[in-house]
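Every read-out reported here was derived from the displayed coordinates using simple, explicitly stated rules and does not represent laboratory data. Since the model is a prediction, treat every value here as computed from it, not as a measurement. Glycine gets a Cβ as well: all are built from the backbone with ideal geometry, and neighbour counts include every protein chain shown.
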Amino acid sequence: MSEYLARTSFAERLRPDVTPAMGFQSYEMLAGDSEHRKAQERLFMDGEIRNPTFDYPKIDPEVLKASIETLNGILIRVGLWLIL
């Protein structure tokens with residue numbers, strides 16, 4: 001947790017402008033190549049492939065892990081935590 005966050009109140013930490021992880025929107029991570037996804041869907045529906053592949057270029061496991069750790073550091077103060 002940053003030194004700044006360590007000095008802020010719990011209420012302040014809940015604000016997305018103070019702690020960006022609080023404003024996490026999972027759907028934003030699912031953006032990708034819509035043409036590729038449509039082609040994969042068509043191939044799957046036509047029975048040409050069994051397991052379609054989808055691209056999720058915005059999903060970065062390290063960024064997600066860091067966000068979860070930040071949220072855990074804040075929420076643990078009130079006895080709540082997220083599971084990794």
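The protection proxy used here, the mean number of other Cβ atoms lying within 10 Å of each residue, ranks peptides 28-35, 47-54 as follows, highest first: 28-35, 47-54. Annotation: extensible slack from Leu14 through Val63 equals 15.8 nm (criterion: 0.36 nm per residue apart, minus Cα-Cα distance). Each 10 Å bin from zero up to the one holding the largest Cα-Cα distance in segment 3-78 carries the following percent of pairs: 17, 33, 21, 16, 11, 2.
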